[in-house]
Amino acid sequence: MAGTLLLVGATSEIGHAVAARYAEAGWRILLAARDPERAKRNADDLAARHRAEVVLLRLDILETEGFAAWLDGLPTLPDTVVCAVGELGDQGRAEGDLAHAEQVMRTNFLGPSLLLGLIAERFAARGSGALVGISSVAGDRGRGSNYVYGAGKAGFTAFLSGLRNRLAKSGVRVVTVKPGFVRTRMTRGLRLPPLLTAEPSEVGQAVYAAAEGRGGEVIYVRKVWRLVMTVIGAIPEPVFKRLRL
């Protein structure tokens, strides 16, 4: 029987692909975004293409003090929550602009972690539910080219791992998804290796399968990324410092 999905980060292409996969399966969709007007196009597409019931909600992932009241105001406690929030930011700017670095870290780690932590408590009290955090391979090892973003995603990955461990016997499923490169507006114009680059629809399918199919709980959308990051993680630090990654 189909349930209710809460998708946090509704204006992103990955978020829309996730919501579309759930809508295709007949789920009711709650779309949460900082700017609901921007998310309305995605909501209208889901309603027209899949005849889904869609509810638009405003949520700023940086306004953490309002999370509890916001959850109390939901029309229903969802069955699955997917957090697709993320901000790549600008590494060079973040190195000298503390406000920008803080925003990148809070957007990728603090806000999503605190929100999913609150929802986890409600799911545990009910004894069911699935929580999915979309993290990144950038969090597997810090690299000079994007370590501020990577640090935020590393924190999020660790939080999800600990949450999964604590809730293992509660009936709540916690899934970490690492997409790798994804062909979106953000990467348009970049020369991406085809083997390592997923389409948004692949991410949507991977999320749905992991959350509802009871498969793995740490998912690399393109499986080759697991090997790539294992190799990168195994490089000795003296050698790693000489590399430009």
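Inspect all residues belonging to region 140-147 and state whether any of them is more than 20 Å from F109 (Cα to Cα) and of a type outside the set (V, I, T).
No - not one qualifying residue is present in region 140-147.
Please list, ordered by first then second residue, the pairs with beta carbon atoms under 6 Å, 6 or more apart or interchain, first in region 125-146 and farther than 23 Å from H16 by Cβ and touching a residue at least 40 places away in the same chain (Cβ under 8 Å), second open to solvent by less than 50 Å² (accessible area, probe 1.4 Å) and of a type in the set (S, T, N, Q).
Correct list of pairs: N146/Q91.
Does L74 satisfy being among the aliphatic types (A, V, I, L, M) and open to solvent by 40 Å² or more (accessible area, probe 1.4 Å)?
No.
In the list E217, E212, which residue meets the criterion of being within 25 Å of A25 (Cα to Cα), of a type in the set (D, E, K, R) and touching a helix residue (DSSP H, G or I) at 6+ places or on another chain (Cβ under 8 Å)?
Residue meeting the stated conditions: E217.
What are the residue pairs meeting all of these: first residue in region 96-110, first residue more than 14 Å from A138 (Cβ to Cβ), second residue open to solvent by 70 Å² or more (accessible area, probe 1.4 Å), Cβ atoms under 8 Å, and 6 or more apart or on different chains?
H100/D90; H100/R93; A101/E95
Considering only region 194-222, how many residues are open to solvent by 70 Å² or more (accessible area, probe 1.4 Å) and more than 22 Å from V85 (Cα to Cα)?
Here the count works out to 3.
Report those helices (runs of 4 or more DSSP H) wholly inside region 134-245 carrying at least 1 residues which are within 19 Å of the chain's Cα centre (by Cα) and at pLDDT 95 or above.
Ranges flagged: 147-166, 200-212, 224-234.
Give just the number: which of (1) hydrophobic (A, V, I, L, M, F, W, C); (2) open to solvent by less than 30 Å² (accessible area, probe 1.4 Å); (3) more than 22 Å from I14 (Cβ to Cβ) does L118 not satisfy?
Result: L118 fails condition (2) only.
Can we say V8 is closer than 20 Å to V172 by Cβ and open to solvent by less than 50 Å² (accessible area, probe 1.4 Å)?
yes
Can you find a residue that is in contact with a strand residue (DSSP E or B) (Cβ under 8 Å, 6 or more places away or on another chain) and among the small types (G, A, S) anywhere in region 64-76?
No.
Out of G139, G127, G150, G92, report the one residue that is out of contact with any His (no Cβ under 6 Å at 6 or more places or on another chain) and open to solvent by 40 Å² or more (accessible area, probe 1.4 Å).
After ruling out the rest, the residue left standing is G92.
All but one of (1) open to solvent by 40 Å² or more (accessible area, probe 1.4 Å); (2) in contact with a Lys or Arg (Cβ under 8 Å, 6 or more places away or on another chain); (3) among the polar types (S, T, N, Q) hold for Q103; state the number of the condition that does not hold.
(2)
crowded, with 23+ Cβ neighbours inside 10 Å and not hydrophobic (A, V, I, L, M, F, W, C) - does that describe any residue in region 31-42?
yes
The values are calculated or read from the model by the stated rules, or taken from the named source; none is laboratory data. Note that the structure is predicted; figures quoted are calculated from it, not measured. Note that we place each Cβ from the backbone using ideal geometry, even for glycine, and neighbour counts take in every protein chain shown. All accessible areas refer to the heavy atoms of the entire protein, side chains included, with ligands and DNA or RNA removed. Shrake-Rupley method; radii C 1.70, N 1.55, O 1.52, S 1.80 Å.
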